[in-house]
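Coordinate-derived values only; no laboratory data. From a predicted model like this one, the values you see are computed outputs, not experimental measurements. Cβ sites come from the backbone with ideal geometry, for glycine too, and all protein chains shown count toward neighbours.
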Amino acid sequence: MHAPRERRSCGTPHPPRRRRIEIHATAGPLGADRPADCYVLVGDDYASVLTDLMAAVPSGWVLLSVDVVPDPGESQNR
């Protein structure tokens, strides 16, 4: 009787897919009569996208809204 064979994976595993992060934001000066400016930023990680967003917003302005758009492929990977 033969011993059962050990299962091994062939080759190297695929690297994990990087998530695409998209943030939509509006910012403007408080109490101003002008409409807020809109920003759309895309990146691979939250820290870099948020850093880019904060650098894009002029000094003295505040973020009025921030929405994170889910990765379109994320729901298929669950």
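Could you compute the net charge surrounding ALA25? Neighbours are other residues with a C-beta less than 10 Å from the C-beta of ALA25; K and R count +1, D and E count -1. Intermediate results must be reported in sequence, preceding the final value.
Numbers: positive: none; negative: ASP37, ASP67.
Charge balance near ALA25 sits at -2.
Report note on the peptides 30-37, 46-53: ranked by the mean count of other C-beta atoms within 10 Å, highest first, their order is 46-53, 30-37. Pairs of alpha carbons in the stretch 21-70 separated by more than 18 Å make up 27% of all such pairs.
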